[in-house]
Structure formats: structure tokens, C-alpha cells
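Structure record follows, encoded as C-alpha cells.
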Amino acid sequence: GAGGGGSFGVQIARSFGAHVIALDIDDDRLARSAEYGAHHTINVREQEPKAIRKAIRSYVKEHSLRDTCWKIYETSGASAGQTLAFSLLTFGAVLGVVGYTMDSVNLRLSNLMAFDASAQGTWVCLQKNYPAVLDLVLSGKVKVKRFVTRMPMKEVNDAISGLHDHTLSLRPILIPDF
């Protein structure tokens, strides 16, 4: 996903020289990802994982990119996004799971063995990496302002509802007002 965490992931990956392909179901988030670092975007709404994988492989071939050892970051927090991310595994790939869902996801774990791939979960950023990430923001390599909105703490329930219902496209920063 190219929403909250995904939009920052795009920028961080790009700042380290990665060739970034952003996937999402929302054209506005994809446009913002392209503006802030994604080389290519794909709207995956109503597409099967097999077709998406084929489109990515075609793009990779067309641009003479490496077709193995991909770094795949799942940031949507949706079961469909996690299933898609897992389906994109290739030889030597690393799958980072950042998005969270309470839903069960049906995966063939043997793909990790078959592709000599690995998967790891994280809560967006390890605490030990905060200084490096903050340096990326302070240096201007990662833009934050365009992706956040300030809200008074008394609107915390509205913020949570807006994130859940996808009516709030920016990440809220709650400001104490009591």
C-alpha cells in the first residue's frame, strides 16, 4: 500500500537508491507516491495477483532491472495486500511485513524455501533506527508535511474512524488540547 507507512517507505527506499514500484488501490495515493519517489505505480484494485506479478515482471524486464532478490514491503495492513506481497516473492527476495491486519491470510509458506526467500515483520521502524530516519527527514530526503495533518486530541475518535473508513487520507498528528 502507498498510504501512511507506504508513502514514507517509498521515500526511504528511493533515498537509498532503490528502484521503487508502488502498488495501491487508490489513484491519489499512487500519484502522491510517484511525486515523492516511486519510479512506477500500479493500481491493483480488482486485479488478480498473477496479473499483477506479470505486469511487474514485464516492467522489470523492459527496464533491465534485476528479476531476483527483490525487497518487498507490505504496508497496506489488508489481507489482500499481504497475499499479494507474498505472491510477489522471487528468488532471494526479502518480504518485510509492516501493515497489520487481524484477518487470517492463507499462504503457502514453502515458497520461502523454494525461493530461498525470507520474511520479517516490524512495527514500521526499529527504535535503534530512529536517529537515521530522523536524519532523512531533517535532510529533506523524506518529506513528512505533505502526508500528515494536525488534529486536536479531542478529535481522536474522528481520527481513528477516518483512518478505519479511509476518509482520512493523511496521517493524523494529535495535538493535546486539554
#### Entry: Inter-label distance, nm, simple model (7 Å from Cα along the C-beta direction), His164/Val94
3.5 nm
### Query
Hey, with R₀ at 30 Å, roughly what FRET efficiency would Phe16 and Arg171 work out to, going by the Cβ-Cβ distance, to 0.05?
0.85
## Note on the structure
Expressed in angstrom, Rg and Dmax over the Cα atoms of the stretch 1-43 are 8.7, 25
### Between the stretch 42-93 and the stretch 113-178, the Cα center-to-center distance that results, in Å
23 Å
### Query
Can you give the convex hull volume per residue for the Cα atoms of the stretch 117-178, as a whole number of Å³?
153 Å³
### Message
Take Glu35 and Asp135, extend 7 Å from each Cα along the Cα→Cβ direction, and tell me the distance between the two endpoints in nm.
### Response
2.9 nm
#### Entry: Candidate lysines - alpha carbon under 25 Å from Lys141, same-chain residues fewer than 8 apart omitted
Lys71, Lys128
#### Entry: Qualifying aspartates and glutamates (Cα of each under 13 Å from Cα of Lys54; at least 8 residues distant if same chain)
Glu62, Asp67
### Task
Quick one: compute the contact order of the stretch 38-127, relative version, from alpha carbon pairs under 8 angstrom and 6+ residues apart, as a percent.
24 percent
### Mean separation of Cα contacts under 8 Å (6+ apart) over length of the chain, as relative contact order %
18 percent
### Task
With a cut-off of 18 Å, note down the residues of the stretch 13-48 whose backbone N falls inside the zone around a label point 7 Å from the Cα of Cys69 toward its beta carbon.
13-14, 16-21
### Choice from His19, His164, His40 showing the highest fluctuation, given a GNM over the chain with Cα pairs closer than 10 Å
His164
### Task
For the chain, set up a Gaussian network in which alpha carbons nearer than 10 Å are linked by springs, and say which option among Leu65, Leu126, Leu107 fluctuates the most.
Leu126
### Message
If I compute solvent accessible area with a 1.4 Å probe over the protein chains, what percent of it on the chain is carbon and sulfur?
### Response
55 percent
### Task
In a Gaussian network model over the chain where Cα atoms closer than 10 Å are linked, find which of Asp24, Asp165, Asp135 has the largest mean-square fluctuation.
Asp165
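The values are calculated or read from the model by the stated rules, or taken from the named source; none is laboratory data. Computed from a predicted structure; not experimentally measured. Cβ sites come from the backbone with ideal geometry, for glycine too, and all protein chains shown count toward neighbours. Protein only, heavy atoms only, side chains kept; ligands, DNA and RNA dropped before computing areas. Shrake-Rupley method; radii C 1.70, N 1.55, O 1.52, S 1.80 Å.
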